[in-house]
Structures are given as C-alpha cells and as structure tokens.
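Read-outs: derived from the displayed coordinates by stated rules, not from any lab. None of these values were measured; they are calculated from a predicted model. Neighbour counts are summed over all protein chains in view; Cβ atoms, including those assigned to glycine, are modelled from backbone coordinates with ideal geometry.
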Amino acid sequence: MSNIDDKKLPHGEPEIDELTNDRYLEDHEYDGIRELDNKLPQWWLYLFYGTIIFALVYLVGYHLAEWWPLQEGEYKTEMAAAHEVKQATPEVTIDLENMVPMIAAADLASGKEIYDKICVTCHAPEAQGLVGPNMTDNYWIHGDSINNRITIKNLYDVVINGVIEKGMISYKDQLTPVQIQQVLSYILSLQGTKPVNAKAPQGKKYDTFG
Ligand code: HEC
C-alpha cells in the first residue's frame with residue numbers, strides 16, 4: 001500500500017481525479033496513463049483477511065500444535081487399524097486336497113443363490129445344461145480320468161481356471177473359495193435329479209465320487 005501523504009502535490013494536497021473522486025498514486029504513470037488509489041471492496045477485504053486467518057489456523061493446527069493429523073498421519077493410522085483387523089481375523093485357508101461337498105442347508109442355499117445369479121445363464125435353471133454341460137448326470141468333462149473318479153477338487157479347478165476356449169470364464173476374482181465350494185456343493189446336490197430337457201451327456205461317465 002502506498003502512503004499517499006508522502007507523495008503530496010507541491011502544494012501539499014493529494015491529487016484527486018475529478019470523475020471518480022479517487023486519489024492518484026504518485027509514480028504510477030506510464031505513457032501518460034495514471035493509476036488511481038481505488039478502494040478495495042469490503043467483501044474482497046474480508047475474504048482476504050479470512051484467508052490470512054485460515055492460513056494461521058492451518059499452520060498452527062496442522063504443523064505446530066498438531067491438533068489434527070496430516071494426510072500422512074491419517075494414512076498411517078488407517079493402515080495400523082487395518083493391520084490390527086487383519087491380525088484379529090485369521091485368513092481362511094482352503095484345504096483343496098481334503099475338500100468335500102458341504103451339506104449344511106445354509107451353505108447349499110448360498111450356493112443356489114450364486115448359481116441362480118451367475119451360472120444359470122449357461123448351465124440352465126436346473127443344471128440340465130445349455131451352453132455349458134448338464135451337471136445333474138454322472139458324465140463329467142473334467143473328472144480325474146486317470147484315477148477314474150470325480151471330486152469337488154476337479155470341479156473347483158474348472159471354476160478357478162475357467163475353460164476360456166469353450167466359453168466358461170474364470171471365477172477366481174468374482175467368488176471367494178468358500179463361495180466356490182458352496183456353489184459346487186449345490187450343483188453336486190442336484191446329481192441324479194434327471195431334469196426334463198437335459199442336455200445329452202458330455203465327457204466321461206464316473207461311478208465314483210470323491
Ligand atoms: C458363459 C457360460 C458359462 C457360465 C456363466 C458358467 N459356465 Fe460353467 N461351463 C461352461 C462351459 C461351456 C463348460 C464346458 C467346458 C468344457 O467343455 O471343457 C462349463 C463347464 C463347467 C464345469 C465342468 C463340468 C464338467 O462336465 O466337467 C463346472 C463344474 C462348471 N462349469 C461350473 C460353473 C459354475 C459354478 C458357474 C457359475 C459360477 C459356471 N460354471 C458358469 C459355460 C459356463
């Protein structure tokens with residue numbers, strides 16, 4: 001801000017613009033154009049003072065007194081909390097080798113829910129087969145033909161890896177291991193139900209399950 005009093009006209013009075021009644025600033029003349037000492041609007045000034053107060057509160061609150069945490073601190077706190085939760089909830093480990101079909105009604109119900117939502121489009125409502133094979137008979141494409149038996153593990157591998165060239169995608173990222181076990185248990189509970197319009201058998205006949 002310029003101090004007008006220092007820059008008075010020779011007779012001591014600041015020079016005033018007749019049109020606006022504002023003072024002229026001394027030494028602010030370029031090519032004959034002179035700058036007026038315009039008053040800043042109140043709202044602008046309050047906004048400006050507001051930013052100064054905000055900056056002070058911010059500086060003290062975040063950097064000096066540390067009333068509030070900085071982003072980095074917040075991040076660390078959240079990570080620590082997540083770590084604790086992780087420690088408290090042990091990871092579900094799937095013992096694929098010893099996996100057996102679930103028989104609890106709640107698991108089968110969850111399995112049916114998943115089936116009706118995702119698998120039904122290709123395997124048909126009663127698992128009688130459509131694009132995908134009929135899964136109610138004892139013919140399977142992906143059984144363990146070497147040992148002549150079919151296990152839930154064989155089917156689990158199909159769901160995890162998919163059979164892309166035949167149109168079945170991998171559900172590894174969509175379903176948890178438990179959900180896969182549930183949906184397969186539901187499918188296996190439909191063995192021998194002989195739905196109408198069942199798709200012709202595909203694959204090899206397996207008499208031993210498990
Ligand atoms: C986009 C169509 C499609 C969807 C959706 C689909 N499948 Fe399949 N599925 C197939 C096809 C096609 C095959 C046959 C693969 C082959 O020929 O090797 C198959 C094969 C299978 C097999 C092996 C059957 C056998 O005879 O060995 C299982 C088990 C299976 N699907 C489970 C599921 C489950 C569980 C879901 C839902 C989470 C699902 N599929 C969703 C198309 C699909």
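Side notes on the structure shown:
- Helix 71-88 vs. the chain, principal-axis angle (Cα, 0 to 90°, nearest 10): 20
- The longest stretch of the chain left intact once loop-based trypsin sites (Lys or Arg not before Pro) with at most 13 other Cβ atoms within 10 Å are removed from consideration, loops following DSSP, is 40-171.
- Kirkwood-Stokes translational diffusion coefficient of the chain, alpha-carbon pairs, 10 °C, 1.306 mPa s, µm²/s: 64
- A quarter of the convex hull surface defined by the alpha-carbon atoms of the stretch 74-167 gives 9.6 nm² as the mean projection.
- Degrees separating the helix 177-188 axis from the principal Cα axis of the chain, which is the longest one: 30
- Here 96, 70 are placed in order of increasing Cβ neighbour count within 10 Å, fewest first, which gives 70, 96.
- The chain: relative contact order in percent, alpha carbon pairs under 8 Å with at least 6 residues between: 19
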